[in-house]
1. I want to confirm something. Restricting to the range 101-121 and keeping residues that are basic (K, R) and within 16 Å of Q138 (Cα to Cα), which single residue is surrounded by the most Cβ atoms within 10 Å (Cβ to Cβ)?
2. What is the number of the single condition among (1) within 24 Å of L155 (Cα to Cα); (2) touching a Leu at 6+ places or on another chain (Cβ under 7 Å); (3) β-branched (V, I, T) that V95 does not meet?
3. Taking Y160 as the residue in question, decide whether it is closer than 16 Å to I38 by Cβ, crowded, with 18+ Cβ neighbours inside 10 Å and hydroxyl-bearing (S, T, Y).
4. Please give the number of the condition I2 fails out of (1) more than 19 Å from Y107 (Cα to Cα); (2) over 16 Å from the mean Cα position of the chain (by Cα); (3) surrounded by fewer than 18 Cβ atoms within 10 Å (Cβ to Cβ); (4) among the aliphatic types (A, V, I, L, M).
5. Mind telling me which of the residues Y94, Y90, Y107 ends up being farther than 23 Å from Y30 by Cα and in contact (Cβ under 8 Å) with a residue 40 or more places away in the chain?
6. Within the set of pairs 6 or more residues apart or between chains, which connect a residue that is at negative phi and part of a helix (DSSP H, G or I) inside the range 148-177 to a residue that is among the basic types (K, R) and modelled with pLDDT of 95 or more with Cβ atoms less than 7 Å apart?
7. Which one of these is buried (at least 16 other Cβ atoms within 10 Å of the Cβ) and among the small types (G, A, S): G67, G76, G87?
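The values are calculated or read from the model by the stated rules, or taken from the named source; none is laboratory data. Keep in mind that what you see is a predicted model, and the values were worked out from it rather than measured. Cβ atoms come from the backbone with ideal geometry, glycine included; neighbour counts cover every protein chain shown.
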Amino acid sequence: MIRLEGVVELVSGSPQFRIKEVFDDKAPLYTYYGQSDIEEDLVGMDSNRSDSKQVRTFDKVNTLSQGDVVFSLISGKSTLVGENHQGYLYTQNYVKLVPDEKVDAKYLVYILNEDQSIKKQVQMGLQGSQVLKYTLKQVKEFLLPDLPAIETQRLIGELYFNQLRLKALRNRAANSETIIVLEKLREASRK
């Protein structure tokens with residue numbers, strides 16, 4: 001067993017309440033990274049929403065790059081940041097995980113989201129807590145199972161993301177099929 005902080009650098013997000021919003025068009029415009037963005041990045045699909053919160057500020061803020069591993073302190077989920085969320089601002093509700101060369105990024109996401117021993121550690125950390133939010137200290141202390149060879153990690157990580165995408169595509173197809181069938185039923189009932 002190895003501690004997460006032993007193989008990963010953790011970078012906290014910008015404290016949202018400290019960001020000074022300005023209304024100067026010269027100030028950079030940032031979009032906040034949120035829970036729905038994590039879900040989109042996990043399945044590699046964009047929902048084409050346009051309701052993301054934005055802020056203009058001259059403050060130095062923490063942003064995400066494509067391929068970064070991000071962990072939500074709210075949901076306990078992690079993902080790889082997709083191309084669509086490049087440059088998004090992440091707040092103190094998220095932690096960027098920078099794995100060293102011993103850990104594949106996609107494999108890290110797989111372990112954090114699916115490993116039973118991690119899930120148990122998460123539950124233990126939340127017992128007796130009123131607020132369901134993880135602390136940076138808890139995340140640092142996650143004990144990871146023994147890491148397989150890096151090639152094996154890459155294969156597992158790749159399969160994991162492919163499986164999540166396949167499931168999302170199947171769900172989208174099933175939802176589209178349902179909409180088509182319901183529309184045909186409506187038309188038939190009008191005749």
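1. Of the residues in the range 101-121, the ones basic (K, R) are 102, 106, 119-120.
This time we only want the ones that are within 16 Å of Q138 (Cα to Cα), so: 119-120.
Values: K119: 13, K120: 11.
Across the range 101-121, the extreme among qualifying residues is K119.
2. Going through the list (1) within 24 Å of L155 (Cα to Cα); (2) touching a Leu at 6+ places or on another chain (Cβ under 7 Å); (3) β-branched (V, I, T), V95 breaks only (1).
3. On the way: closer than 16 Å to I38 by Cβ: yes; crowded, with 18+ Cβ neighbours inside 10 Å: yes; hydroxyl-bearing (S, T, Y): yes.
Yes: the conditions hold for Y160.
4. Going through the list (1) more than 19 Å from Y107 (Cα to Cα); (2) over 16 Å from the mean Cα position of the chain (by Cα); (3) surrounded by fewer than 18 Cβ atoms within 10 Å (Cβ to Cβ); (4) among the aliphatic types (A, V, I, L, M), I2 breaks only (1).
5. Just a single option satisfies the conditions, and that option is Y107.
6. Close Cβ pairs satisfying both conditions: G157/K106; E158/K106; Y160/K106; F161/K106.
7. Details: G67 fails: buried (at least 16 other Cβ atoms within 10 Å of the Cβ); G87 fails: buried (at least 16 other Cβ atoms within 10 Å of the Cβ).
Just one listed residue meets the conditions, G76.
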